[in-house]
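Data first, discussion second: the structure below is written as structure tokens.
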Amino acid sequence: MQVLDRAGTGVSMSPSKAKRHHTSLDRLFRYAELLNYGDVHIKFDPATGLRAIVAINNLKRGPAIGGCRVIHYRSADDALEDALRLAYMMSYKAAINNLNHGGAKAVLMMPKVIKNREAYFEAFGNFVDELGGRYITAMDSGTSTSDMDIIARRTPYVTCTTGSGSGGDPSPHTAFGVYRALESAVKFKLGRDDLEGLHVAIQGVGHVGYFLAKALHEAGAKLTVCDVNEKSLQRCVEEFGAAVVAPDSIYDIEADVFSPCALGAILNLTNIKRLKVSAVVGSANNQLAHHHYGAALHERGILYAPDFLVNAGGLIQVAVIYDHADEKKAHEQIGNIYHTAMTIFETSKAENRATSEIAESMAVKLLR
């Protein structure tokens, strides 16, 4: 069997490698079909070491927008699967928050060493520009405002730059959206209009988790936190008087709200059974380890605020600023997460269905 290299010449492949190659591509094509793609663009620039994937899930509401993630991956298959999964969820985020954008994601496979960071991101900027406005890039894991500034030298299809007005780091805006969703959940589940004395267990107090903890502390909430980073924990202890537990113990804390703000896929059947809270409201992406586990939370009487709504504050900020350069409008639209969450909670109660199912149904209708 032969595959084509960049120059279009044949490269021999052993039968065993060919079989693995075929199986891997088949799996990814099936996954893309399941998520209703869209298109996927791949760029390799040997001069800078850039290996980039841009997954564009949906363009029905407008040009796709999503962050540029630069992290280490074990394989190109893992990177592509991550891009597909994240871009799909970005479509849901944009739709349910009534943004005039589709969902996309850029995944850059970080080399062992980025020898020239400026050249690296200029090459990525060229790649974005080649897509002709179908994709607008933004900050994500492993990238910064200065990286966005470099990309902007090569393309106008970028936000989170120094002069964009989006504030650079989207974390505070994401945290504000989580806070508004948490207020909505507390109102619906506990009948409370304030957070004074509310006990919130936060998993992960890095960027978004820290800003959420700060807002909750200012509102008078009691905090229990965990994180693998000792400095992040110490900051929360010193500034907010937070109690600290080991990462795996956070699921056993008796609290009002559990707020996952770190890794995804943490709500599996085992951890769901361990929870001793009334609601789950957090910023982590893809919190449900399986699509159907929202039903397990529903059956336990734990109110789940769907992650792709809750963590959309950063996306709303950069999208509205990119479209209108109106910070007041962006702040108001993030605040409206409260009302969208309340609609989901009320519909879930009326129809006796999981909140995750309700939210996904709403998003799908808006994407048709």
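Give the residues of segment 298-313 that are more than 20 Å from the chain's Cα centre (by Cα), surrounded by 18 or more Cβ atoms within 10 Å (Cβ to Cβ) and in a helix (DSSP H, G or I), sorted by residue number. Residue satisfying the conditions is HIS298 alone.
Here segment 110-126 is the region considered, the condition is being of a type in the set (A, V, I, L, M) and touching a Ser or Thr at 6+ places or on another chain (Cβ under 9 Å), and the residue that is surrounded by the most Cβ atoms within 10 Å (Cβ to Cβ) is ALA123. Applying the condition of being more than 13 Å from GLY204 (Cβ to Cβ) and in contact with a strand residue (DSSP E or B) (Cβ under 8 Å, 6 or more places away or on another chain) to segment 226-250 and asking which residue is surrounded by the fewest Cβ atoms within 10 Å (Cβ to Cβ) yields ALA246. For segment 107-126, a residue qualifies if it is touching a residue at least 60 places away in the same chain (Cβ under 8 Å) and under 26 Å from ASN311 (Cβ atoms), and exactly one does: PHE124.
For PHE188, the test of being of a type in the set (Phe, Trp, Tyr) and under 30 Å from VAL277 (Cα atoms) is passed.
Cβ separations smaller than 8 Å between residues 6+ apart or across chains give the following pairs from segment 254-266 residues that are at positive phi to residues that are modelled with pLDDT of 95 or more and of a type in the set (Gly, Ala, Ser): ALA265/ALA289. Restricting ILE136, ILE53 to residues that are of a type in the set (Val, Ile, Thr), in a strand (DSSP E or B) and under 23 Å from ASP169 (Cβ atoms) narrows the list to ILE136. For segment 263-283, filtering for residues that are at pLDDT 95 or above and assigned to a loop (DSSP other than H, G, I, E, B) leaves 8. Against the definition (at pLDDT 95 or above, closer than 26 Å to GLY66 by Cβ, touching a Leu at 6+ places or on another chain (Cβ under 9 Å) and aliphatic (A, V, I, L, M)), how does VAL158 come out, yes or no? No; evaluated as a whole, the condition is false for this residue.
Of all the residues in segment 314-335, those that are more than 13 Å from LYS93 (Cα to Cα), in contact with a Lys or Arg (Cβ under 9 Å, 6 or more places away or on another chain) and either assigned to a loop (DSSP other than H, G, I, E, B) or at pLDDT 95 or above (or both) number 1. In this structure, ASP147 does not qualify as among the acidic types (Asp, Glu) and in a loop (DSSP other than H, G, I, E, B).
Among the conditions (1) part of a strand (DSSP E or B); (2) more than 13 Å from VAL318 (Cβ to Cβ); (3) among the polar types (S, T, N, Q), the only one that ASN98 does not satisfy is (1).
Tell me whether segment 32-42 contains one or more residues that are at positive phi, out of contact with any strand residue (DSSP E or B) (no Cβ under 9 Å at 6 or more places or on another chain) and of a type outside the set (A, V, I, L, M). Yes, segment 32-42 has at least one match. In the condition set (1) closer than 16 Å to ILE65 by Cβ; (2) not in a loop (DSSP other than H, G, I, E, B), PRO172 is compliant with all but (1).
Name the single residue, out of those in segment 72-95 being part of a helix (DSSP H, G or I) and hydroxyl-bearing (Ser, Thr, Tyr), that is nearest to ILE358 (Cα to Cα). That would be TYR92. Looking at this structure, is ARG51 of a type in the set (Lys, Arg), within 19 Å of ALA312 (Cα to Cα) and crowded, with 17+ Cβ neighbours inside 10 Å? No, not satisfied.
A quick yes/no check of all residues on (1) among the β-branched types (Val, Ile, Thr); (2) not assigned by TED's automatic domain parsing to the domain that holds LEU303:
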position: ALA138; (1), (2): no, yes
position: GLY142; (1), (2): no, yes
position: ASP147; (1), (2): no, yes
position: VAL158; (1), (2): yes, yes
position: GLY163; (1), (2): no, yes
position: ARG180; (1), (2): no, no
position: ALA185; (1), (2): no, no
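Among the residues of segment 208-230, are any in a helix (DSSP H, G or I) and farther than 17 Å from VAL178 by Cα? The answer is yes; a qualifying residue exists.
The values are calculated or read from the model by the stated rules, or taken from the named source; none is laboratory data. Here the structure is a predicted model, which is why all the values come from computation and not from measurement. Quick reminder, even Gly has a Cβ in these numbers, built from the backbone with ideal geometry, and neighbours come from all protein chains shown.
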